[in-house]
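Right, one structure below, let's go through it.
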Amino acid sequence: AVAKKEVESELLYEDNEIMAVVHLKPAIPGQIIIFPKHHYPIFEQVPDKVITKMFKIANKLGIALFESCNGHATNLLISNGGAAGQTLAHFSLNLIPRKEKDGLKLHWEPKKASEEELQTAFLMINEKSKDMHPDLFGREEKHEELVEEGKRPKEIKLDKKKENYLLKSLKKLP
């Protein structure tokens, strides 16, 4: 409904594939929802190109949240399927601004699992991943191919007059 402009929303970003709007019923004021315009009910159906673009947009909007809302952190939340809390059959990525003691609870207690249960889960996932996508999971040298040898990540230049949002968020880590 938002993508078809049937519902009022505060539009932050739009192109031919993706929209980002301020959430109409946020968990915390400033929450942003990012979604593809094309209908994909769940994460696994969204093309890699669209997922990549959505996370790039989330990254840039996350920076804006830190700077505009004096945020301490963000949560990226995907509710994928009904059992995970998805309420609309349309994939979306929620970007939630956080501050210390904001009252929002997004944590869970880990279930106790035996070593055997953990190992069984790992083996099943590992085998299925290799069967379904041998180009990604079937080779040991995959990690080395993803990073060009001799190239380092771009260094971040800090403005000494203004505290960088990255530094602000690091100060809040336990």
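The values are calculated or read from the model by the stated rules, or taken from the named source; none is laboratory data. Given the structure is predicted, the values throughout are model-derived calculations rather than measurements. Positions of Cβ are backbone-derived with ideal geometry, glycine not excepted, and every protein chain shown enters the neighbour counts. All accessible areas refer to the heavy atoms of the entire protein, side chains included, with ligands and DNA or RNA removed. Shrake-Rupley method; radii C 1.70, N 1.55, O 1.52, S 1.80 Å.
Can you run down the residue pairs with Cβ atoms below 7 Å, 6 or more apart or on separate chains, where the first is in region 113-138 and modelled with pLDDT of 90 or more and part of a helix (DSSP H, G or I) and the partner is surrounded by 11 or more Cβ atoms within 10 Å (Cβ to Cβ) and not acidic (Asp, Glu)?
SER129/PHE137; LYS130/PHE137; LYS130/GLY138
I'd like the residue in region 69-90 that is out of contact with any Gly (no Cβ under 8 Å at 6 or more places or on another chain) and assigned to a helix (DSSP H, G or I) and, out of all such residues, is most open to solvent (accessible area, probe 1.4 Å).
ALA83
Quick one: is PHE66 hydrophobic (A, V, I, L, M, F, W, C), open to solvent by less than 50 Å² (accessible area, probe 1.4 Å) and not in a loop (DSSP other than H, G, I, E, B)?
Yes.
Could you run through region 43-75 and say how many residues are among the β-branched types (Val, Ile, Thr) and modelled with pLDDT under 95?
Residues that pass the stated criteria total 2.
Among the residues of region 140-149, are any in a loop (DSSP other than H, G, I, E, B) and either closer than 30 Å to GLU67 by Cα or at pLDDT 55 or above (or both)?
Yes: region 140-149 contains one or more residues that are in a loop (DSSP other than H, G, I, E, B) and either closer than 30 Å to GLU67 by Cα or at pLDDT 55 or above (or both).
A quick yes/no check of all residues on (1) touching a Lys or Arg at 6+ places or on another chain (Cβ under 6 Å); (2) within 23 Å of PHE66 (Cβ to Cβ); (3) in contact (Cβ under 8 Å) with a residue 40 or more places away in the chain; (4) not aliphatic (A, V, I, L, M):
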residue	(1), (2), (3), (4)
TYR13	no, yes, yes, yes
LEU24	no, yes, no, no
ALA27	no, yes, yes, no
GLY30	no, yes, yes, yes
ILE33	no, yes, yes, no
PRO36	no, no, yes, yes
PRO41	no, no, yes, yes
GLU44	no, no, no, yes
ASP48	no, no, no, yes
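Taking the criterion of being assigned to a helix (DSSP H, G or I), charged (D, E, K, R), surrounded by 13 or more Cβ atoms within 10 Å (Cβ to Cβ) and at pLDDT 90 or above, would at least one residue in region 19-37 satisfy it?
No, there is no match, as no residue in region 19-37 is assigned to a helix (DSSP H, G or I), charged (D, E, K, R), surrounded by 13 or more Cβ atoms within 10 Å (Cβ to Cβ) and at pLDDT 90 or above.
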